[in-house]
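Below you'll find the structure, written out as structure tokens, and then a few comments.
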Amino acid sequence: MPRTLIRKNPSNFKTLPLFVEATPEGLSYQSVGMPLNFAQTLQRRKPVSVADSERFALELANLGVSVRLTLHWQNRDYWVLVRQRRQDRGDVVLKLISGYVPAHELNIPLHTAIQEIAEECLLETPEGWLGGRFNDTWLPAPYSAALHYREALPFRLTPLSGSARPVRCANLQLLERPRAYVHLPTASLQLIYDLRLEVPKEAKSLSLFHVDERLEGDQLVARLDRKRPDLYLMPLKDGAPTAELFTLKRDKLIPASTRGIHLAESFATQQGWVVHDERIRWKDWLVQQGLTPAKAPRTGLKQLSIKALRLVGLGRKRASR
């Protein structure tokens, strides 16, 4: 049974609409208007359009932040994806760890990104849950009231090289150089940070879980469901993604089915500063990346069926001799 970790009042969250200016040389954003709560922000996330994907100025509903997290575990690298049922869009996708940037962090969105990792990506060992550090700063432990964290064995977050084109909040350039795009269907500016998470070698029997907040009535509720870890690893080879997905349970990589999967819009084609699509099919993304689909993992029932058919076939051959 899923375990409730925390409950929040969604009205406590406030963000700000943005005015965005884009040129081929860079993109800048600044807040406009009055702070909005979560419901008001969703109401403003309606499709917008631009005539030129490289040069435009327009008002957007909100700033979002995502993390392309590269997990380093047992001498291999993996991208981390999480499963999310997007209530505002009526779909289910695999996406990067992501969230809305609150009003007081518009000029430091990296801080929001790091908090999202602490909230969405949970690393469990038999001795407890791993805390984390970004350089010399401890990550928050958002579920410390419900879970036991091991402070003595933290994972480490470090920034990777960023985008070539600069992004500015007003006149302040974001030093980590996140990738930026305007998502036209939701009228939002999205920033993607490249970060690396290194699991300590001493962490044994590791399992990974995704925890996400869902709006239930008048509360945001975060639950841990061990039967549905909802956190997936995509192996990298020479820094490039491969056509496989796994979950991790007690140091064992378990193949995950990719049948019918869609990826969020951050995986779709970006034209200039804009992304037009809501999502992209897994198969289409593989074609876009020049990857060959991996064979779907056989379920236990399917393996038994194949074995039974082979036995039937063997019996017929013997009977015909």
Checklist outcome for this item: Reported set for region 83-104 where residues are among the charged types (D, E, K, R) and either surrounded by 17 or more Cβ atoms within 10 Å (Cβ to Cβ) or part of a loop (DSSP other than H, G, I, E, B) (or both) is Arg83, Asp88, Arg89, Lys95
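Name the residues in region 16-53 that are assigned to a strand (DSSP E or B), at pLDDT 95 or above and closer than 21 Å to Pro185 by Cβ, would you?
Of the residues in region 16-53, the ones assigned to a strand (DSSP E or B) are 18-23, 26-31, 36.
Pick out the ones that are also at pLDDT 95 or above and you get 18-23, 26-31.
Matches in region 16-53: Leu18, Phe19, Val20, Glu21, Ala22, Leu27, Tyr29.
For every residue, the table says whether it meets (1) in contact with a helix residue (DSSP H, G or I) (Cβ under 8 Å, 6 or more places away or on another chain); (2) at pLDDT below 95; (3) not in a strand (DSSP E or B).
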site	(1), (2), (3)
Ile117	no, no, yes
Leu123	no, no, no
Gly132	yes, no, no
Ala152	no, yes, no
Leu175	no, yes, yes
Gln190	yes, no, no
Arg196	no, no, no
Item to check | From the options Arg168, Arg156, residue that is among the charged types (D, E, K, R), closer than 25 Å to Leu16 by Cβ and at pLDDT 95 or above | outcome: Arg168
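Matching residues to (1) in contact with a strand residue (DSSP E or B) (Cβ under 9 Å, 6 or more places away or on another chain); (2) surrounded by fewer than 19 Cβ atoms within 10 Å (Cβ to Cβ); (3) small (Gly, Ala, Ser):
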residue: Pro166; (1), (2), (3): yes, yes, no
residue: Glu176; (1), (2), (3): yes, yes, no
residue: Pro185; (1), (2), (3): yes, yes, no
residue: Tyr193; (1), (2), (3): yes, no, no
residue: Gly217; (1), (2), (3): no, yes, yes
Next on the checklist: Anything in region 21-37 that is under 16 Å from Ala103 (Cβ atoms) and crowded, with 17+ Cβ neighbours inside 10 Å? List them, or say none.
Outcome noted: Tyr29, Ser31, Leu36
Checklist entry - So is Ala152 in contact (Cβ under 8 Å) with a residue 12 or more places away in the chain and among the aliphatic types (A, V, I, L, M) or not? => result no
Checklist outcome for this item: Cβ pairs under 8 Å, 6+ apart or interchain, first in region 98-113 and farther than 13 Å from Lys14 by Cα and in contact (Cβ under 8 Å) with a residue 60 or more places away in the chain, second surrounded by fewer than 17 Cβ atoms within 10 Å (Cβ to Cβ) and of a type outside the set (Phe, Trp, Tyr), ordered by first then second residue, are Asn107/Ala170; Asn107/Leu172
Next on the checklist: Among the residues of region 115-137, what is the count of those that are in contact (Cβ under 8 Å) with a residue 40 or more places away in the chain and more than 20 Å from the chain's Cα centre (by Cα)?
Outcome noted: 2
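The values are calculated or read from the model by the stated rules, or taken from the named source; none is laboratory data. Worth saying up front: this structure is predicted, and the values here are computed from it rather than measured. FYI the Cβ positions are ideal-geometry reconstructions off the backbone, even for glycines, and counts take in every protein chain you see.
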